[in-house]
1. Search the stretch B:302-359 for residues being farther than 30 Å from B:Glu34 by Cα and over 28 Å from the mean Cα position of the chain (by Cα), and hand back the single one that is surrounded by the most Cβ atoms within 10 Å (Cβ to Cβ).
2. Against the conditions (1) closer than 29 Å to B:Arg45 by Cβ; (2) in contact with a Lys or Arg (Cβ under 7 Å, 6 or more places away or on another chain), where does B:Tyr77 fall short? Just the number, please.
3. Would you confirm whether any residue within the stretch B:20-36 is touching a residue at least 24 places away in the same chain (Cβ under 8 Å), more than 10 Å from chain A (Cβ to nearest Cβ) and not hydrophobic (A, V, I, L, M, F, W, C)?
4. So how many residues does the stretch B:289-309 have that are touching a Lys or Arg at 6+ places or on another chain (Cβ under 8 Å), of a type in the set (D, E, K, R) and in contact (Cβ under 8 Å) with a residue 60 or more places away in the chain?
5. So which helices (runs of 4 or more DSSP H) are wholly in the stretch B:1-95 and hold at least 1 residues that are within 30 Å of B:Ser145 (Cα to Cα)?
6. Of all residues in the stretch A:397-418, which are under 23 Å from A:Arg356 (Cβ atoms), modelled with pLDDT under 95 and surrounded by 14 or more Cβ atoms within 10 Å (Cβ to Cβ)?
Number of protein chains: 2
Amino acid sequence: MRITEPWVDDENAALLTDLYQLTMLQAYWREEMEEEGTFSLFARRLPKTRNYLLACGLDDVLRYLEVLRFTGEALDYLSTFDQFSADFLERLERFRFTGDVHAVPEGTPIFANEPILEVTAPISQAQLVETFAMNQIHLQTVLASKAARVVEAARGRAVVDFGLRRMHGTDAGMKAARAFHVAGVAATSNVLAGRVYGLRVTGTMAHSYVQAHDEEMEAFRAFATLYPGTTLLVDTYDTLEAVRKVVRLARELGDAFTVRAIRLDSGDLIELAFEARRMLDDAGLQGVEIFTSGGLDEHEVDRIVKAGAPITGFGVGTGMGVSADAPSFDVAYKLTSYAGRGRLKLSPGKPILPGRKQVFRVEEADQAVGDVIARAEEELPGRPLLVPVMRDGRRVSVERADLEHARARARDEIGRLPDRIRALEMADPPYPVELSRALESYTREMAEVATEAAR
Amino acid sequence: MRITEPWVDDENAALLTDLYQLTMLQAYWREEMEEEGTFSLFARRLPKTRNYLLACGLDDVLRYLEVLRFTGEALDYLSTFDQFSADFLERLERFRFTGDVHAVPEGTPIFANEPILEVTAPISQAQLVETFAMNQIHLQTVLASKAARVVEAARGRAVVDFGLRRMHGTDAGMKAARAFHVAGVAATSNVLAGRVYGLRVTGTMAHSYVQAHDEEMEAFRAFATLYPGTTLLVDTYDTLEAVRKVVRLARELGDAFTVRAIRLDSGDLIELAFEARRMLDDAGLQGVEIFTSGGLDEHEVDRIVKAGAPITGFGVGTGMGVSADAPSFDVAYKLTSYAGRGRLKLSPGKPILPGRKQVFRVEEADQAVGDVIARAEEELPGRPLLVPVMRDGRRVSVERADLEHARARARDEIGRLPDRIRALEMADPPYPVELSRALESYTREMAEVATEAAR
């Protein structure tokens, strides 16, 4: 058994793909099928508990397309497969992505069947990048979509990402912090995400720190003295007893007392928050905020906010970090055009809209009232959502997709959605998405061609 | 905004942690709390749809403990936080993990409250590694536990991992293939996982390849000619029509026809499999197998197998790849001992068993009948599950944890579980797990001490 480094990076990401991408690539080359194909990445349907998805992850896909190379080490490994010929591997060494990408910018709410991105390139290139593009867009869209709901439920109170320990691996930990930032999350506990993405990093203290001290009060005193403006965790033994200690500590330290918040992590959070607030207020500690954590999700946050509990921030972990109610959506990356002709398939329940497309978002008084999925060349009423982001393998803008812009866009675009679509409950009726007449008739036409291909 | 490489590797993994680990570390050092602590990593409870968890991910944690370092770059970043003093950062530069680890070997079925691993080290060290240890053990245990169910349902038929595109990021894609191998999955489509872990890599063809050809038959002919022993995807347009083409292709190619299987990916898989089998058999193609994919999970695989459908393999993607029904479990990493004294907390619903522990699996006639969680130094009837795996920061065995051993262990250990625990349905009664009398009385004793600490 061979074990190399278990990390994915720019050097080996080309191999992070499904084997069939490479066998198909060799077949396309062998058959001299080098004409342009368009693949469309979209959600076949929304998860049952989502009124919309928040598109995210584009930047990582563009970065991959820019740096995609097969190293000598990768080719050596592929040479151990008897499927691949020497001349294929030689050609693979020169492989570069030279195609175009149109996409909805990160932070745009999207709906079923709307392209999140479209890749147009010689078919072999567009085919090869499928797995990575899906992996990154799917993950970040899943997580941004979940976080948007938590942020919505918090109604302006801070939501902090505490999920790294239960997210699915290291890459998910990083990309989650990024996607959460786009969705409006205030800060993360993930230090590396802070460094890589320039995010605000925060943290409190763990139960173990309290337990390691012979007395809870000692732990509070030491931490509060060392870290001005810190947060003390009060549920290790008895929450209200611990709040009393915070009050005692305030008296003891006088002006040196700078504790910013207490954190509730178990028990009846609403009841405890009211009681702790009263105790803090009675002691003149109106400035000490109450922060909560412990199994929170959008529904629990909503319940706390609706109860009027005096809580100013939420540390949200697993529920948001794995998008527990909808850890995946039915994302597809499908060939919609090849050699100038729309393509589709006829598999039951898995329709494809042929050709390159555009989505028009129709708005009235700054409120979105419906989308129209159209052929790319159509000009219809509404705001077109897909924009060119890469041409001939280079980003259209030389700047990196700016995270702060994506976050501002998400806030603005979500703000334009109808209230029932922003709500946590499932919208009835759902957001209206129609096909343009031209796309409808093109789809019918191409279905006939596909029926021919099936003969 | 600053963007550096979005990849985690040995160089920066030290920063992939929650900020509070670092603030607590500084506090422990400042308070001269350097005595030995033991942290226990365990599941507080099993997910509602799991009768057991299959422990996995230890190797990645041990590897991390061996290489854990703070680079100059990491320290530069930490120096931008006003919480950290210059002398702390200087000391962090020399940080090494020098502790001991006891753990259940990968591929061992475990139950609620049983330690998956225990870290014993100066408390600051054992604290710091919490986030990464949880992240990796949680992910791989989640995925191995799910895959074990799919493998069980397949009753000897091959299960192939097709999930990379919808797994949560690149690390999940790699670790899933690894965890699935431990759980008995036959192969993966993930090429890089094949290279890194020495796994069998397989693949078929995508709809896009068929669509890109003007006729489905052309696509079949080209692929079958190029790849001896390949699998043809037959549901792009009309499954049974496509099976007829496979039959025609067999006649056309004669001895050169080496297609090993067809793949069904949509529609009524059971009905289509029977019909396709009949058509292939009628044409003398008994050797062409039927492989299925498309939204499979353990329940769907079970339904197909119980219907007696003539299917020899399953390509399983999203359902297994994100462990859709249980994408997380309530994993905890808790201080159970410090300075020679058992520690626990009293938060409602979140009990901790104090001290270092051992788990004894009691077996009768090679069948596990129950586990006893005991204090580490106890010797009780049954097979002890926790073994030393790291001493003074070095692996006890110089060899890497061998994946093939873990896979063999999983097969053997799952084989010793009662049938009702291996079953897909929830076991009633669940697997019996008791506390030893010594652990029970130590827990009571330490609860009294904790009540003191709370005063």
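1. Among those that are farther than 30 Å from B:Glu34 by Cα and over 28 Å from the mean Cα position of the chain (by Cα), it is B:Ala309.
2. (1)
3. Within the stretch B:20-36 (the criterion being touching a residue at least 24 places away in the same chain (Cβ under 8 Å), more than 10 Å from chain A (Cβ to nearest Cβ) and not hydrophobic (A, V, I, L, M, F, W, C)), the answer is yes, since at least one residue qualifies.
4. 1
5. Qualifying helices (runs of 4 or more DSSP H): B:19-30, B:58-67.
6. Within the stretch A:397-418, A:Ala401 is the sole residue that qualifies.
A quick yes/no check of all residues on (1) over 29 Å from B:Asp325 (Cα atoms); (2) within 10 Å of chain A (Cβ to nearest Cβ):
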{"residue": "B:Leu46", "(1), (2)": "no, no"}
{"residue": "B:Leu54", "(1), (2)": "no, no"}
{"residue": "B:Asp59", "(1), (2)": "no, yes"}
{"residue": "B:Leu68", "(1), (2)": "yes, no"}
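Yes/no per residue for (1) in contact with a strand residue (DSSP E or B) (Cβ under 8 Å, 6 or more places away or on another chain); (2) under 30 Å from B:Ala326 (Cβ atoms); (3) within 9 Å of chain A (Cβ to nearest Cβ):
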| site | (1), (2), (3) |
| --- | --- |
| B:Ala158 | yes, yes, no |
| B:Ala187 | yes, yes, no |
| B:Ala222 | no, no, yes |
| B:Gly229 | no, no, no |
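The values are calculated or read from the model by the stated rules, or taken from the named source; none is laboratory data. Just so you know, these numbers come straight off a predicted model, no measurement behind them. Cβ coordinates were reconstructed from backbone atoms using ideal geometry, including for glycine residues, and neighbour counts include every protein chain displayed.
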